[in-house]
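The values are calculated or read from the model by the stated rules, or taken from the named source; none is laboratory data. The structure presented is a predicted model; accordingly, all values stated were derived computationally and were not measured. Every residue, glycine among them, receives a Cβ derived from its backbone with ideal geometry; neighbour counts consider all protein chains shown. Protein only, heavy atoms only, side chains kept; ligands, DNA and RNA dropped before computing areas. Shrake-Rupley method; radii C 1.70, N 1.55, O 1.52, S 1.80 Å.
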Amino acid sequence: MNKLIFSITALFLINLGFSQAVTMSEITLNDGVENDYIKFEKMWSNVHEYIQKKGEKSGWFLFKVIPTEKGTQWPPNSSTPWCDYVIFNIYNDDKQLDGDWGLGNTPQEFEASVRKANYKKMRRSEISRLLNLANTFKKKSTNYTLKGVDSTIDIGPMQIGDKATVLGIEKLNDDYEMYESKFFKKYHNKQITDGQRLAWYFNKITERSENAYQPISHMIFERFNPNPPTISSDQNAEQSFTEKMMAKNGQASRKIHGGLVLELVNFKQ
């Protein structure tokens, strides 16, 4: 299986409105840098909080990719993940998305902003050390921009340690979005009310970096209940002929290229 490069997450994230935009980065680390990388992102979490208080963006999420056991069928290809971490930045609108975060126009102003955001939270010497290491962490970074298309109801915000699944989808015909929104979504909502699923977000890729995976057009972000209740037999009623045909044609309108299992490491919202 080729290491598919697609960015995840659909905003799928917490309480997202469809007017919002998301930028996503898939990060592959160099060997031996993970401990310092986590410290670096901890420093940056305070910067993101500072940026959000200034009204330049509305959220930041850092996920660690969790490889599944070899041979796992769902999510597809999740036993051979193509990145180590995924970062999401959330914006209220395109104006915020196109902004510059307000951290200054010179290296000196930028460093001053980082230090201000970490005042009394991290030693000055540690800030300097991590800033000096900034260009040594990433072996590869792939970026995407997403727009929300649809979503189910959502059972509460995420917390550190929570798991999520993301899928990279290729649209095969013009009916694809309609099948997701008008057919599959109602089953996802039922799974939520039954306690099996926590959330489902459907997103369209609007931009991507040159090194991004090209075939996919959409992202699906899902949260499943880690301790689901037992489903009774009457909740597993057989589908009607119409439902079977809708499911068949809906599945034929898309191709799932791969998926990742994520664990939330840090966030600011």
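Summed over segment 179-226, residues that are assigned to a loop (DSSP other than H, G, I, E, B) and more than 18 Å from Asp154 (Cβ to Cβ) total 9. Give segment 112-164 a look and list any residue that's out of contact with any strand residue (DSSP E or B) (no Cβ under 7 Å at 6 or more places or on another chain) and either assigned to a strand (DSSP E or B) or charged (D, E, K, R) (or both), or say none. Across segment 112-164, the qualifying residues are Arg115, Lys116, Lys120, Lys121, Arg123, Arg124, Glu126, Arg129.
Going through (1) over 22 Å from Leu97 (Cβ atoms); (2) under 18 Å from the mean Cα position of the chain (by Cα) one by one, Ser151 falls short only on (1).
For segment 153-165, a residue qualifies if it is among the polar types (S, T, N, Q) and open to solvent by 40 Å² or more (accessible area, probe 1.4 Å), and exactly one does: Gln159. Among the residues of segment 166-201, just one is open to solvent by less than 40 Å² (accessible area, probe 1.4 Å), charged (D, E, K, R) and modelled with pLDDT of 95 or more, namely Glu180.
Residues in segment 59-111 that are in a loop (DSSP other than H, G, I, E, B), of a type in the set (S, T, N, Q) and in contact (Cβ under 8 Å) with a residue 40 or more places away in the chain: Thr68, Asn77, Ser78, Thr80, Asn92. For segment 39-58, give me each residue that is of a type in the set (Lys, Arg) and in a loop (DSSP other than H, G, I, E, B). Correct list: Lys54, Lys57. From the list Thr80, Thr136, the one residue that fits, being open to solvent by 40 Å² or more (accessible area, probe 1.4 Å), among the polar types (S, T, N, Q) and touching a Lys or Arg at 6+ places or on another chain (Cβ under 8 Å), is Thr80. Annotation note: Cβ proximity below 7 Å between a residue of segment 115-129 that is touching a residue at least 12 places away in the same chain (Cβ under 8 Å) and within 13 Å of Trp44 (Cβ to Cβ) and a residue that is open to solvent by 80 Å² or more (accessible area, probe 1.4 Å) and of a type in the set (Lys, Arg) (sequence gap 6+ or interchain) occurs for Arg115/Arg124.
Residue-level analysis places Asp150 among those that are surrounded by 15 or more Cβ atoms within 10 Å (Cβ to Cβ), over 26 Å from Tyr37 (Cα atoms) and not basic (Lys, Arg).
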